[in-house]
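Taken together, the values in this text are just the output of simple stated rules run on the coordinates, not laboratory data. Since the structure is predicted, the reported quantities are computational estimates derived from the model, not experimental observations. A quick note on method: Cβ atoms are made from the backbone with ideal geometry, for glycine too, and the neighbour counts reach across all protein chains shown.
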Amino acid sequence: MHTILFILDHSWDTWKDVLRAIFDVVYFCYTGGVKYKELATFGQELYYDYSIQAIETFADISSLAGLRDKIASILPHKSESTRFRIASKIIQRFFKSPDAKSPSSAFLKLISRMKDDSIRRDLLFWRTARTDLLISAIAEEIFYPFFVLQSLPANYDEHTFRMDNTASLFPIDSIITRDLIIKYAKKTWGFESEKTITLALRILKQAEILDSVSVAIGSRHTLGYFPRPHIPSLETFIYCLYEEPLYSGASTVQSLDRIQNGDFAKLFLLNRLQIDSLLKTAEKEGFICFISMPGSRHVKLLFPSLEELVDKLIS
């Protein structure tokens with residue numbers, strides 16, 4: 001009887017999230033735990049200043065038609081082909097909505113009206129990593145397990161990890177080297193472009209998620225990476241929490257565990273306590289509420305649209 005009453009008391013949106021969570025587990029097991037099977041190369045860094053200039057200039061645009069030429073016209077590069085390449089990437093990352101069918105009006109409005117550089121940088125990084133998935137893959141499958149969960153990346157034992165990381169029999173727990181990331185990408189994802197891996201790591205540094213240090217391996221040097229202390233703002237967290245369902249198809253009611261271990265936490269290398277702190281503040285400010293369900297707690301998003309959320313964030 002209690003189960004029947006519980007089902008009647010909760011909307012289909014709530015149950016869609018539960019069913020999706022079950023599907024995710026089944027799919028994960030079916031694919032052997034490999035989320036990133038097809039990763040594309042890319043050749044552009046974060047381009048923070050150029051991207052902000054383009055967004056501030058064209059935030060109110062109602063159509064993507066002709067936008068590449070307009071953005072290219074305000075870039076300083078002498079080569080027309082370079083200006084077009086950068087403009088195309090800026091559009092792909094920031095001007096297109098997650099369904100790639102229309103301008104990303106709410107996002108553009110938030111960036112153009114929000115003058116805090118740290119919030120802008122975090123939001124541009126979020127969109128960049130959601131577009132160029134190699135960045136997300138590196139953060140999620142290599143840095144997040146090692147530095148947040150204190151576990152080795154998948155398919156590694158202690159000895160193999162040390163040899164691939166620093167070619168040392170002794171543990172060096174404070175860094176992940178570029179060498180290991182290249183080897184992991186080839187073995188796990190079949191990804192061969194070392195140039196794109198280097199660029200992805202540069203973007204993680206430009207976003208102030210990682211820092212690096214030179215590491216001697218035998219007679220040569222490579223770069224070793226480690227997390228920078230970085231907690232995103234409430235505004236960044238809330239916007240990404242609301243935008244995430246547009247990418248994943250998740251409902252506006254999500255399990256607490258899904259958020260604590262979700263894409264945002266993994267991309268920004270945040271532990272459960274840090275996510276919980278952001279959620280408590282979000283509840284206090286009226287952006288979310290908590291819902292109790294059998295065996296778990298869920299989070300409900302309270303704003304019906306990104307447009308209304310952004311109006312609140314910039315008010």
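Extending 7 Å from Cα along the Cβ direction at SER305 and again at LYS195 yields two label points whose distance is 4.3 nm.
Put in line by how crowded their Cβ is, counting other Cβ atoms within 10 Å and starting with the fewest, CYS240, CYS289 read CYS289, CYS240. For the range 209-311, the residue among SER233, GLN274, LEU223 whose Cα projects farthest onto the positive side of the dipole built from Cβ charges is LEU223. Exposure proxy for HIS221, HIS77: other Cβ atoms within 10 Å of each Cβ, ordered fewest to most, give HIS221, HIS77. Largest first, the extents of the alpha carbon coordinates of the range 201-303 on the three principal axes equal 58, 27, 25 Å. Here the translational diffusion coefficient of the range 135-225 follows from Stokes-Einstein with Rh set to the Kirkwood radius across Cα pairs; for 4 °C and 1.567 mPa s it amounts to 98 µm²/s.
Can you pull a Stokes-Einstein diffusion coefficient for the range 63-203 at 37 °C (0.692 mPa s), Rh from Kirkwood over Cα pairs, as a whole number of µm²/s? Diffusion coefficient, whole number: 187 µm²/s. Mean separation of Cα pairs under 8 Å and 6 or more residues apart, divided by the residue count, gives the range 131-288 a relative contact order of 22 percent. Among the listed pairs LYS78/LYS109; LYS284/LYS312; LYS89/LYS195; LYS205/LYS312, those with a Cα-Cα distance over 19 Å are LYS78/LYS109; LYS205/LYS312.
For the range 125-161 versus the range 300-315, the inter-centroid distance based on Cα atoms is 31 Å.
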